[in-house]
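Down below is the structure, laid out as structure tokens.
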Amino acid sequence: MIRAHFGLDRNPFAADAPALLPHQQEIFDTLRVHCQQGGLCVVVGEPGTGKTVIKQALVNHDPKRLITPVVNRTLHTYASVLRILCDAFQLDAGGRAVRCEKRLIDDARKINHAGKMLAPIIDDAHLIDVQDLRRLRLLFEDFPKNHNLVLVAQPGLLTNLALSPNHDIQSRVTYSVLVPRLAADDMERFIHRELDAVALSHATFTPEAFGLLIRASEGYLRRARNLCVGSLLEAVRDRVRTVDLKQVNRVLMQPHWREREVAP
């Protein structure tokens, strides 16, 4: 609808393969270095700050030289996570946990002998039981030393790792970073960059609507994307080609936005 109404070749604010922002690029470059050196990296941030974009950039970077199996379903038990890892490595996931571990270790060594780097990524790692996370850490101890285990999580993971019983995991972290929310100027540049990417004029959003978008997004990239797309859809409904306060406020009146405003 948006493409047809505004005469675009592709959807604006698409999150499938966005370009990295400067602070995301810095994190990505550091993760690549640790993939070469070996390590345990922790990328934390509040929901919607852009952790998934960094993760996807690492997955897409160089599939022939950098193998990046991803575990997204982290509410499972350790045995289930092992099977998910086997699926990501395209290995047989049958049998007991110890057999899955052996297959994973053997395949990791083959990848190392082939001159490739290995960077397993565990998304939403804060949801994993700490005992299961410890068992995973012990499993990766048997991987070739040039692998890099990347934990993507909410900030609560660092709090848990700081507890005395978990210092065995924390002491092995080679790099940790908090993905911040964007300042107003950076958010403005982000929205303009997304408009430029689809050849949509900056004037599509009036100055008043643009200011409200910046304030309502509160520095969260995902929130800004959803609000911009929702406002463009409202413009389609009104059959206008300029987004004004009317369209933005109509999105902000939706229950999930209003509940956010009144939450303590």
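The values are calculated or read from the model by the stated rules, or taken from the named source; none is laboratory data. This one's a predicted model, so the numbers in the text were calculated from it and none came from an experiment. Every residue, glycine among them, receives a Cβ derived from its backbone with ideal geometry; neighbour counts consider all protein chains shown. For accessibility, only protein heavy atoms count, side chains too; no ligands or nucleic acids. Shrake-Rupley method; radii C 1.70, N 1.55, O 1.52, S 1.80 Å.
Stokes-Einstein D for the chain at 10 °C, 1.306 mPa s, Kirkwood Rh over Cα pairs, in µm²/s?
Diffusion coefficient, whole number: 78 µm²/s.
Using the per-residue mean of other Cβ atoms lying within 10 Å as a proxy for protection, in what order, highest first, do the peptides 168-174, 69-75, 242-248 fall?
242-248, 69-75, 168-174
With only Lys, Arg, Asp and Glu charged, each at its Cβ (+1 for the first two, -1 for the last two), find how big the charge dipole of the chain is about the Cα centre; round to the nearest 20 debye.
Charge dipole of the chain: 560 debye, to the nearest 20.
Using only Cα atoms and rounding to the nearest 10 degrees, what angle (0 to 90) does helix 207-217 make with the longest principal axis of the chain?
On a 0 to 90 degree scale, this one is about 30.
As a test of reading the structure, rank Lys102, Lys55 by solvent-accessible area (1.4 Å probe, protein chains only), most first.
Lys102, Lys55
Any chance you could run the full-extension gain for Asp106 through Ala14? It's 0.36 nm times the residue separation minus the Cα-Cα distance, nm to one decimal.
Length gained between Asp106 and Ala14: 29.3 nm.
Toward the positive end of the charge dipole of the chain, about the Cα centre and with charges on Cβ (Lys, Arg +1; Asp, Glu -1), which of Leu245, Val150, Val177 goes farthest?
Final value for the positive-end residue is Val150.
Whole angstrom only: what separates the Cα centroid of the range 202-262 from the Cα centroid of the range 50-106?
Between the Cα centres of the range 202-262 and the range 50-106 lies a distance of 38 Å.
Using the Cα atoms of the range 176-230 to build a convex hull, what is its mean projected area in square nanometres?
Value for the range 176-230: 4.0 nm².
So how long is each side of the range 78-169 along the principal axes, counting just the alpha-carbon atoms, biggest first, in Å?
For the range 78-169, the Cα extents along the three principal axes come out at 37, 29, 20 Å.
Please grab the % of Cα pairs in the range 1-130 that end up more than 24 Å from each other.
Percent of Cα pairs beyond 24 Å in the range 1-130: 40.
Just list whichever of Lys55/Lys110; Lys64/Lys110; Lys51/Lys102 have alpha carbons separated by over 19 Å in the model shown.
The pairs that break the limit, which is 19 Å between Cα atoms, are Lys55/Lys110; Lys51/Lys102.
Using only the alpha-carbon atoms, how far is helix 130-141 inclined from the longest principal axis of the chain? Give it as 0 to 90 degrees, nearest 10.
Its long axis makes an angle of about 60 degrees.
At q = 0.11, 0.25 Å⁻¹, work out log10 I(q)/I(0) for the range 1-73 with the Debye formula, treating every Cα as an identical point scatterer and leaving solvent out; two decimals please.
Once normalised to I(0) and log-transformed, intensities are -0.37, -1.27.
Set the Förster distance to 45 Å, then compute FRET efficiency between Thr30 and Met1 from the Cβ-Cβ distance, nearest 0.05.
Calculated transfer efficiency: 0.70.
Put a dot 7 Å past each Cα toward the Cβ at Gln254 and Val130; how far apart are the dots in nm?
3.8
Sorting Met1, Met187, Met253, Met117 by accessible area (1.4 Å probe), largest first, what list results?
The residues order as Met1, Met253, Met117, Met187, largest area first.
Please report the base-10 log of the normalised intensity I(q)/I(0) for the range 56-209, using a Debye sum with one equal scatterer per alpha carbon and no solvent, at each q in 0.14, 0.18 (1/Å).
For the requested q values the scattering log ratios are -0.78, -1.08.
Provide the gained length on full extension for the span Asp186 to Thr174, in nm with one decimal, where the gain is 0.36 nm per separating residue minus the Cα-Cα distance.
Here the segment from Asp186 to Thr174 would lengthen by 1.5 nm.
Magnitude of the Cβ-charge dipole of the range 159-210, K/R +1 and D/E -1, about the Cα centre, nearest 20 debye?
Result for the range 159-210 is approximately 260 debye, rounded to the nearest 20.
What accessible area, in Å² to the nearest ten, does a 1.4 Å probe give for Ser164?
For Ser164, the solvent-accessible surface is approximately 90 Å².
To one decimal place, what Kirkwood hydrodynamic radius in Å is obtained for the range 147-202 from all pairs of distinct Cα atoms?
14.6
Please give the direction-averaged projected area of the C-alpha convex hull for the range 122-264, in square nanometres with one decimal.
With every direction weighted equally, the projected area is 12.1 nm².
Helix-derived [θ] at 222 nm for the chain: sum -39500 (n - 2.57) over DSSP H runs of at least 4, divide by residue count, nearest 500?
-16000 deg cm²/dmol
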